[in-house]
1. I need every pair where a residue in the range 81-108 that is more than 17 Å from residue 152 (Cα to Cα) has its Cβ under 7 Å from the Cβ of a residue that is open to solvent by less than 50 Å² (accessible area, probe 1.4 Å) and of a type in the set (Lys, Arg), sequence separation at least 6 or different chains.
2. Need the failing condition index for residue 164 against (1) closer than 19 Å to residue 228 by Cα; (2) in a helix (DSSP H, G or I), just the number.
3. Given (1) over 25 Å from the mean Cα position of the chain (by Cα); (2) surrounded by 14 or more Cβ atoms within 10 Å (Cβ to Cβ); (3) without any contact (Cβ under 8 Å) to a residue 24 or more places away in the chain, where does residue 244 come up short, assuming only one miss?
4. Among 230, 207, 245, which is the only one that is part of a helix (DSSP H, G or I) and modelled with pLDDT of 85 or more?
5. If I ask for residues that are hydrophobic (A, V, I, L, M, F, W, C) and open to solvent by 80 Å² or more (accessible area, probe 1.4 Å), which ones from the range 150-181 would you list?
6. Would you mention how many residues in the range 93-107 are at pLDDT below 85, open to solvent by 40 Å² or more (accessible area, probe 1.4 Å) and part of a helix (DSSP H, G or I)?
7. Only residues that are in contact (Cβ under 8 Å) with a residue 60 or more places away in the chain, surrounded by fewer than 17 Cβ atoms within 10 Å (Cβ to Cβ) and among the hydroxyl-bearing types (Ser, Thr, Tyr): list them for the range 208-241, please.
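The values are calculated or read from the model by the stated rules, or taken from the named source; none is laboratory data. Because the structure is a prediction, the values reported are computed rather than measured. Cβ sites come from the backbone with ideal geometry, for glycine too, and all protein chains shown count toward neighbours. When the accessible area is computed, the model is the full protein with side chains, heavy atoms only, and any ligands, DNA or RNA have been set aside. Shrake-Rupley method; radii C 1.70, N 1.55, O 1.52, S 1.80 Å.
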Amino acid sequence: MANEEARTVDPEKQRLLISQHKEKHFTAGEIVRDIIIGVSDGLTVPFALAAGLSGANASSSIVLTAGIAEVAAGAISMGLGGYLAAKSEADHYLRELRREQEEIIAVPETEAAEVAEILAEYGIEPHEYNPVVNALRRKPQAWLDFMMKFELGLEKPDPKRAYQSAITIAVAYILGGMVPLIPYMFFEKATDAVVASVVVTLAALMIFGYAKGYFTGSRPLVSALQTALIGAIASAAAYGMAKAIQH
């Protein structure tokens, strides 16, 4: 009964949390990161490829065929990269989790001292953190979770994270990659299509850059200009090199 009371939040504090405390935190950081990776590369790489082929006087059909092939290969490659990165993070977490479990069993006093040291770094006095240390020692799982988070700085990964990352990046790459190729579906001459592709893609890069800046907390307008500038430089370089090689 005493334990239940200790775990119960004071009614007044609970009322405040429910009625007045509405935190606004953006919690989909990993998904947004994957979308940013996929869309940014999807917009830029096929855009540069299409511009380069247009500069080499390739027909719209060739540019479109090569572009779609690149988008397919790029989506698979980027998705696989996202999967492997997330899988590596999960494997690393499990390795550290097992190591920490062994240390808690083998050297509990040392681990308890590390808890005290962590709490002391937050300005908590010994007479204040000693009960916390003792409480954690009575709850091995909570102790383990505490050490993983505060000593190693590791959060438990979502078991589905690797698959979600792969799919998100791949789909984002395809969506971004098709934007610079759309004009080549409507213009027979690549020289006409490349102009439309530049306008459409730079507009998409501006919109994407603005959204990226908004969701990541940076200045949206600056982010929009930077993103568009990177895409413009990549496509101009590819187009210029193709023209130079032809001459």
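1. 86/161
2. Failing condition for residue 164: (1).
3. The one condition residue 244 does not meet is (2).
4. On the way: 230 fails: modelled with pLDDT of 85 or more; 245 fails: modelled with pLDDT of 85 or more.
Going through 230, 207, 245 in turn, just one is part of a helix (DSSP H, G or I) and modelled with pLDDT of 85 or more: 207.
5. Of everything in the range 150-181, those that are hydrophobic (A, V, I, L, M, F, W, C) and open to solvent by 80 Å² or more (accessible area, probe 1.4 Å) turn out to be 150, 167, 175.
6. Of the residues in the range 93-107, 5 are at pLDDT below 85, open to solvent by 40 Å² or more (accessible area, probe 1.4 Å) and part of a helix (DSSP H, G or I).
7. Result: 216, single match.
Here's the yes/no breakdown for (1) within 23 Å of the chain's Cα centre (by Cα); (2) closer than 23 Å to residue 240 by Cβ; (3) at pLDDT 90 or above:
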residue	(1), (2), (3)
43	yes, yes, no
46	yes, yes, no
50	no, yes, no
55	no, yes, no
67	no, yes, yes
73	yes, no, yes
83	yes, no, yes
91	yes, no, no
